1. With a point put 7 Å past each Cα toward its Cβ, work out how far residue 375 is from residue 133 in nm, to one decimal.
2. With springs connecting C-alpha atoms under 10 Å apart, model the chain as a Gaussian network and identify which of 369, 310, 96 has the largest mean-square fluctuation.
3. What is the spin-label model distance, in nm, from residue 187 to residue 332 if the labels are put 7 Å beyond Cα along the C-beta direction?
4. Can you give me the angle between helix 86-97 and the longest principal axis of the chain, using Cα atoms only, in degrees from 0 to 90, rounded to the nearest 10?
5. Using 1/(1 + (r/R0)^6) with R0 = 60 angstrom and r between the beta carbons of residue 212 and residue 38, what's the FRET efficiency to the nearest 0.05?
6. Can you give me the angle between helix 292-307 and the longest principal axis of the chain, using Cα atoms only, in degrees from 0 to 90, rounded to the nearest 10?
7. Please find, in a Gaussian network model of the chain (springs between Cα atoms separated by less than 10 Å), the residue of 224, 76, 325 whose mean-square fluctuation is greatest.
8. Using a Gaussian network model of the chain whose springs link C-alpha atoms within less than 10 Å, name the residue from 215, 17, 52 with the highest mean-square fluctuation.
Ligand SMILES: *Cc1c(COP(=O)(O)O)cnc(C)c1O
């Protein structure tokens, strides 16, 4: 077989692919568990996990089996008809989230759009906000996806430049500032949409009690609280959902990424009947949403998280990893701060250390893949199946580069 080299593949991509990404110079041709391999056979520890979409590890055998078995039976019906997988998956996800109803989509951004539509429709039909006046409170440095409406309330110029005109109806307030939220609330406020930890912003963890405070503001003012758990959910931070670190019951849970087990895009919104009940036939939908193949994969993906107790694992391995990184911080002038929860960890560099990209590039050369977010932050988010020995091996490389 005439196998192309990494360099040849990167050259072809550079020519034929739109340049909307700036990847590290590594080509992945194979993967298993926490390991990925390039065409030349060099192996790397994956510490990005496709932005937390591969929490269960690459090609988990139980998830691949579910994919193959379902592919042999039925893949797509559209929801013009019932199929024999979606009802079972909907019930399973309802029981898992403790919410009465589920609306299935494919990508995270579609689930966020669904939550926005839900909050607005609920605002008009239930809260009785005047037509076209609904407001949703969102936060600076948020990341909720890439659609035109979602980038309308991004505060990252790169994400929104030259995409206007933008969708109105969003009020942006500083993250981790409850007073700012209280001030932003008015009679037209229908929802608050928040990331329990801001992953893309650089693993920004709010103060303890912040989510509780948001929940109280929402409750007091008849506002829906929507948590975007697309990156933080499915055991990444040491709980099934990150909001469970605080004793709250959000109205809307937005899920994606690891729900598809790193195999297939599956996203969903969960809420009770009094909220998701606002949708009527024809008012929203998706051709692939609720497709049998995705449902089978998602059910297996959930089973792996529960059977292998990956939440507990993320807590245990995360605190071990974070303590090692904090030890390193004491011994180097490069690291300003180590923060995170479970296995969602951000290492903030001193500006004097130079940009993060040079370190992610150096780590890649040593066989560890991770990605910078913004100029000064490195995110470490390995698959949750990682072991202590794997972390020790990774720390050796990290010490060589950041020590
Ligand atoms: C990745 C992500 C999204 C968007 O998901 P896509 O599948 O890329 O559309 C939305 N919100 C958060 C918090 C994310 O991390």
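1. Output for this residue pair reads 4.4 nm.
2. Result: 96 has the largest fluctuation of those listed.
3. With each label placed 7 Å out from Cα toward Cβ, I get 5.6 nm.
4. Taking Cα atoms only, the helix is inclined about 80 degrees.
5. Values: r = 45 Å, r/R0 = 0.76.
Result of the calculation: an efficiency of 0.85.
6. 70 degrees
7. Greatest mean-square fluctuation among the candidates belongs to 76.
8. In the Gaussian network model the winner is 17.
Read-outs: derived from the displayed coordinates by stated rules, not from any lab. Note that the structure is predicted; figures quoted are calculated from it, not measured. Cβ atoms come from the backbone with ideal geometry, glycine included; neighbour counts cover every protein chain shown.
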